[in-house]
1. Where the centroid of each part is defined by its Cα atoms, how far is the stretch 70-135 from the stretch 38-61 in Å?
2. Taking only protein heavy atoms and a 1.4 Å probe, what accessible area per residue, in Å², does the stretch 1-40 have with all protein chains in place?
3. Grab the DSSP H runs of the chain that are 4 residues or longer, score each as -39,500 (n - 2.57), total them, divide by all residues and round the 222 nm result to the nearest 500 deg cm²/dmol.
4. Considering the Cα trace of the stretch 87-217, what is its radius of gyration and what is Dmax, both in angstroms?
5. Report, in degrees rounded to the nearest 10, the 0 to 90 angle that the Cα long axis of helix 18-27 makes with the longest principal axis of the chain.
6. Could you state the angle between the C-alpha long axis of helix 198-216 and the longest principal axis of the C-alpha atoms of the chain, as a value from 0 to 90 degrees rounded to the nearest 10?
7. Go through the stretch 126-165 and name the trypsin sites (Lys or Arg not before Pro) that are in a DSSP coil and have 16 or fewer other Cβ atoms within 10 Å of their Cβ.
8. Over the Cα atoms of the stretch 28-99, how large are the radius of gyration and the largest Cα-Cα distance (Dmax), in Å?
Amino acid sequence: MQTNPRLTLAIQRKGRLSDSSLSLLARSGLRFEPTDNALICSAQNFPVDILLVRDDDIPTFVKDGVSDLGIVGENVLQEQAEYTHDFEKVKSLGFGQCRLSIALPTEIPFTDIQQLQNKRIATSYPKILRQFLLSQQMDAKVISISGSVEIAPRLNMAEAICDLVATGKTLAENNLKEVFTILESQAALVKTSKVLSTQKKHILNDLLQRLDGVLAC
Ligand code: PRT
Ligand code: ZN
């Protein structure tokens, strides 16, 4: 017996992009009821299954074709850049805006990014930071930590940090100042590069039309 195909879309289960991702889908007319611990949730009125996962895993799911689509920050996509030929960015979605910036302790005067030459920079985005340093022909020691990067200068682990900034409140609270933006980011819809069946392509086109309608408002 042949079952009707359904598109899969991976979104962040719990975090900064979750509510806006669910809201975008709801405003696009999809009806679904995610429960607290559910990892998958089927739209009741549209052939889409929503996978609720950690944001860092979304590029892998989409790359492997486990999920046809994903909604994830461009910062995460870029950090996992080896996958770029395995998925296509369909569109930016206008939420989850932030920037990846270099920040210094407030008391350190900033003149030029070159002053970080041979210094230590703590970050959760080692790949993007290394690419940036290379583009500036700079050498600096990249200290890779997975969270609470803002604490590194106070612990004398690093002279600077490279982290996501939205309002700048967290930096200020930690006596840090933003001095240089490396990357502007927002949430994006990505699609697997694996070939979709004709039926799935139809579902995708329908979904994209709905999303475009909402995003145009
Ligand atoms: O559990 P999971 O792995 O899914 O979530 P996560 O903890 O890795 O990610 P999460 O929910 O923190 O962020 C998901 C995505 O939201 C990021 O990848 C970005 O694309 C986007 N985003 C937008 C942000 C921010 N704004 C943001 N402000 N991600 C993180 N922050 C953090 C930042 O790291 C810093 O600690 O918020 C702090 C700074 O915020 P401000 O407003 O004080 O400047
Ligand atoms: Zn994450």
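The values are calculated or read from the model by the stated rules, or taken from the named source; none is laboratory data. Bear in mind the structure is a predicted one, so any value in this text is a computation, not a measurement. Here the Cβ is made from the backbone with ideal geometry for all residues, glycine too, and neighbour counts use every protein chain on show. Only protein heavy atoms, including side chains, enter the accessible area calculation; ligands, DNA and RNA are left aside. Shrake-Rupley method; radii C 1.70, N 1.55, O 1.52, S 1.80 Å.
1. Between the Cα centres of the stretch 70-135 and the stretch 38-61 lies a distance of 26 Å.
2. 69
3. Working: 6 runs with 56 residues, N = 217.
My calculation for the chain gives -7500 deg cm²/dmol from helical runs alone.
4. When restricted to the Cα atoms of the stretch 87-217, Rg and Dmax are 19.1, 59 Å.
5. 30
6. Approximately 60 degrees, to the nearest ten.
7. Listed in order of number, the matching sites are ARG154.
8. 13.2, 36
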